Amino acid sequence: MHARATILPLTLDRVTYAHGSTVLIDGISTVIGASSRTIILGPNGAGKSLLLRLCHGLIAPTAGAVRWAGADTLGRSDVARRQAMVFQRPVLLRRSALANITYALSLQGRLGRAERLARAHEALAGVGLAHVAQRPAHVLSGGEQQRLAIARAAALKPDVLFLDEPTASLDPGACRAIEDAIRAIDAAGTKIIMTTHDLGQARRLADEVLFLCHGRLLEHTPADEFFESPRTPQAAAFLRGDIVG
Ligand SMILES: Nc1ncnc2c1ncn2[C@@H]1O[C@H](COP(=O)(O)OP(=O)(O)OP(=O)(O)O)[C@@H](O)[C@H]1O
């Protein structure tokens with residue numbers, strides 16, 4: 001186990017993202033700490049993926065600021081290096097599953113060949129893919145590809161792992177395998193911040209919930225409290241499965 005999330009907490013200070021005159025993320029302020037799995041929930045188009053991209057620095061806010069506590073001591077490039085993100089449709093190299101991971105580790109430039117191989121095998125085993133190590137990544141099933149992408153990110157042992165809808169369009173067995181992998185990565189000391197529409201998954205994985213609606217953060221609440229007594233009518237409607245206006 002490595003030290004937990006030294007770059008956290010993450011502070012969002014009136015983070016806003018506008019496209020032309022359309023405000024897509026509307027003045028979000030909150031602090032995300034190190035010690036819990038954070039799930040971003042909300043209806044389609046609420047801005048969940050955008051918020052994840054803003055946090056990870058893939059896009060810059062048009063107003064407000066994203067601040068990592070670790071930036072004071074580590075510097076910006078080190079803070080960036082200590083984060084990883086897995087996208088809804090991850091891009092894999094046309095190489096073996098194992099080579100996808102060893103290549104990512106070689107880009108980090110910090111481990112020797114033997115260590116890279118050992119780390120890659122460990123990461124594949126961690127997501128239940130040890131048996132496909134030598135198989136070309138592009139012949140793996142959708143669920144296996146998603147698990148490989150998660151293993152590749154986890155092998156970097158980031159402080160924070162962002163996951164954007166990691167189980168979208170996967171069957172229940174594949175979802176379970178990915179949820180197990182997420183729990184293992186969390187237990188190994190990596191902070192998980194992920195989006196999902198799947199309420200069952202959010203109940204299984206969340207320690208705390210950020211609930212977004214129309215680009216605004218309506219709740220940032222411990223998971224038990226969010227699911228038992230949501231504070232806003234929009235969250236209550238979302239939990240009932242109603243259309244959120
Ligand atoms: N780069 C962009 N430029 C303009 N509009 C964008 C951009 N990215 C996203 N949007 C719009 O911002 C809104 C929020 O998108 P986002 O993908 O963050 O929603 P989401 O909550 O993740 O939705 P879903 O659950 O459907 O994935 C959508 O209306 C989308 O069309």
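What follows draws every value from the coordinates through simple rules; no lab data is involved. Everything numeric here is computed off the predicted structure, so don't read it as measured data. Cβ sites come from the backbone with ideal geometry, for glycine too, and all protein chains shown count toward neighbours.
So how strong a dipole does the range 144-232 carry about its Cα centre when Lys and Arg Cβ are +1 and Asp and Glu Cβ are -1, to the nearest 20 debye? Kindly include the intermediate steps, with their values, before the conclusion.
Working: 10 positive and 15 negative charges, 46 e Å.
The calculated dipole for the range 144-232 is roughly 220 debye.
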On a full-extension model of 0.36 nm per residue, what is the gain between ALA236 and ALA168, subtracting their alpha-carbon distance, rounded to one decimal in nm? 22.2 nm
Got a sec to turn the phi values of the range 11-19 into Karplus ³J(HN,Hα) couplings, 6.51 cos²θ - 1.76 cosθ + 1.60 with θ = phi - 60°, whole Hz, x for Gly and Pro? 10, 9, 10, 6, 5, 10, 9, 10, 10
Going by C-beta contacts inside 10 Å, put LEU163, LEU199 in order with the fewest on the left. LEU199, LEU163
Can you compute the radius of gyration and Dmax for the range 197-245, using only the Cα atoms, both in Å? 9.9, 26
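Considering only DSSP beta bridges whose two residues both sit in the range 135-227, what percent are antiparallel, to the nearest 5? Mind showing how you got there, number by number?
Working: 6 of 11 bridges.
Here the share of antiparallel DSSP bridges comes out near 55 percent.
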Going fewest to most other Cβ atoms within 10 Å around each Cβ, LEU218, LEU212 line up as LEU218, LEU212
With just the Cα atoms defining each centre, how far is the range 127-165 from the range 218-245? Give it in Å. 32 Å
Work from the charge dipole of the chain (Cβ charges, +1 for Lys and Arg, -1 for Asp and Glu, about the Cα centre) and give the residue of ALA46, ALA80, ILE25 farthest towards its positive end. ALA80
Within 10 Å of each residue's Cβ, count the other Cβ atoms and sort VAL160, VAL66 from fewest upward. VAL66, VAL160
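Mind checking the dipole of the chain: about its Cα centre, +1 per Lys or Arg Cβ, -1 per Asp or Glu Cβ, Debye to the nearest 20?
Details: 28 positive and 22 negative charges, 196 e Å.
Charge dipole, the chain, about its Cα centre: 940 debye, nearest 20.
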Sequence order, the range 109-125: Karplus ³J(HN,Hα) from phi using 6.51 cos²θ - 1.76 cosθ + 1.60, θ = phi - 60°, Hz rounded, Gly and Pro as x, gives x, 10, 10, x, 4, 5, 5, 4, 4, 4, 5, 5, 4, 4, 5, 5, 4
With runs of 4+ DSSP H residues as the only contributors, calculate the mean residue ellipticity of the chain at 222 nm using -39,500 (n - 2.57) per run, divided by the residue total and rounded to the nearest 500. -11500 deg cm²/dmol
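Nearest 20 debye, what's the magnitude of the dipole of the range 90-146 about its Cα centre given +1 on Lys and Arg Cβ and -1 on Asp and Glu Cβ? Numbers along the way, then the final one.
Values: 7 positive and 3 negative charges, 43 e Å.
Computed about the Cα centre, the dipole is about 200 debye.
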Quotient of C-alpha Rg and 2.2 N^0.38 Å, computed over the range 14-172: 1.15
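Considering only DSSP beta bridges whose two residues both sit in the chain, what percent are antiparallel, to the nearest 5? Each step should come with its number before you reach the end.
On the way: 19 of 35 bridges.
That works out to approximately 55 percent antiparallel.
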